[in-house]
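The values are calculated or read from the model by the stated rules, or taken from the named source; none is laboratory data. For clarity, every value in this text was computed on a predicted model and none was experimentally measured. Neighbour counts are summed over all protein chains in view; Cβ atoms, including those assigned to glycine, are modelled from backbone coordinates with ideal geometry.
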Amino acid sequence: MAGPGRVYIVGAGPGDPELITVKGLRLLRSADAVVYDRLVPGELLGEAKRGARLVYAGKAPGRHAMSQDEINRLLEGLAREGLVVVRLHGGDPLTFGRGEEECAYLLSRGIPCEVVPGIPSYVAASAEHLLPLGSRGYSRVYTVATGTLAGGTPLPRERLEAAMRASDSLVVLMAASRAAEILGLAAETLGPQAPAAIVESASTPKSKLTLGPAGELAATAKPRPPALIYIGGAVRWRLDTLPTGRS
């Protein structure tokens, strides 16, 4: 009897199909089955080889095609058929992507698993809109936080406040539904003029940048998901260095 196949947990990158890694693209093109997320660009699915199984396992706010347990079991089942499987995540699998949970589940059941990193959305958005999280003189310490925990639970306000106080720059992922709350907290913690930015649909044709003081954005901004919020030095660099209208 043939042994189990192999599963590769691959980061597809932030939305631009050209930002997948060379290794990730090679694995995608050779896979027997591809299990993919909601934010994976459709152009990448076209790179799968003819006859490969394509299985949608996307999760949207309040709507999951599969639970995480179902995804884990699906990956195991495909591998036990002797298939080479690519589990394609938007962004990076280990940046609030639960790729580590999937790989640990498979390894605990004797199925070979390898994680291939991808460019996270916040890295792509920083480059696309020139919001440098590691800029000398502006942002020597930065924090990346999730606005929403597993199961849809909000990250507690005290954790966000502590991150704002401890970092030169803070970027919050999965932030669309809590944008007003997060920006309002920034205005309370750092002052209403604290520099802030919202990036919607980073690294896609729909990408949009909104800049302004945290207090103003808290009152006016209603971003559509997926959205990121930047607060602090990264935004200050951009405002000090570039015309505010450039995006």
Q) Of the residues Y105, Y138, which is aromatic (F, W, Y), modelled with pLDDT of 95 or more and either in contact with a Gly (Cβ under 8 Å, 6 or more places away or on another chain) or farther than 30 Å from R80 by Cβ (or both)? A) Y138
Q | Residues of the range 24-67 classified as in contact with an Asp or Glu (Cβ under 6 Å, 6 or more places away or on another chain) and at pLDDT below 95, total | A | 1
(Q) Under 9 Å between Cβ atoms, which residue pairs at least 6 apart in sequence (or on different chains) link something in the range 223-247 that is of a type in the set (D, E) with a partner that is at pLDDT 95 or above and surrounded by fewer than 24 Cβ atoms within 10 Å (Cβ to Cβ)? (A) D240/Y138
Q. Which ones in the range 216-247 are closer than 15 Å to S139 by Cβ and assigned to a helix (DSSP H, G or I)?
A. G233, A234, V235, R236, W237, R238, L239, D240, T241
(Q) Being surrounded by fewer than 24 Cβ atoms within 10 Å (Cβ to Cβ) and either modelled with pLDDT under 95 or closer than 17 Å to L239 by Cα (or both) is the filter here; which residues of the range 207-217 pass it? (A) K208, L209, T210, L211, G212, P213, G215, E216
Q: Run down S177, S169 and say which single residue is among the polar types (S, T, N, Q) and closer than 17 Å to V123 by Cα.
A: S169
Q: Select from the range 85-101 the residues that are among the β-branched types (V, I, T) and not in a loop (DSSP other than H, G, I, E, B) and write down the one among them that is farthest from P17 (Cα to Cα).
A: V85
Q) Would a scan of the range 24-37 turn up a residue that is crowded, with 21+ Cβ neighbours inside 10 Å, in contact with a Cys (Cβ under 9 Å, 6 or more places away or on another chain) and either in a loop (DSSP other than H, G, I, E, B) or in contact (Cβ under 8 Å) with a residue 40 or more places away in the chain (or both)? A) no
Q. When you go through G110, G77, G82 one by one, which is the residue that is assigned to a helix (DSSP H, G or I), modelled with pLDDT of 95 or more and over 21 Å from I20 (Cβ atoms)?
A. G77
Q: Those residues that are farther than 21 Å from T148 by Cα, under 18 Å from the mean Cα position of the chain (by Cα) and either free of Cβ contacts under 8 Å to residues at least 24 places away in the same chain or part of a helix (DSSP H, G or I) (or both), I need them from the range 164-215; list them, please.
A: P205, K206
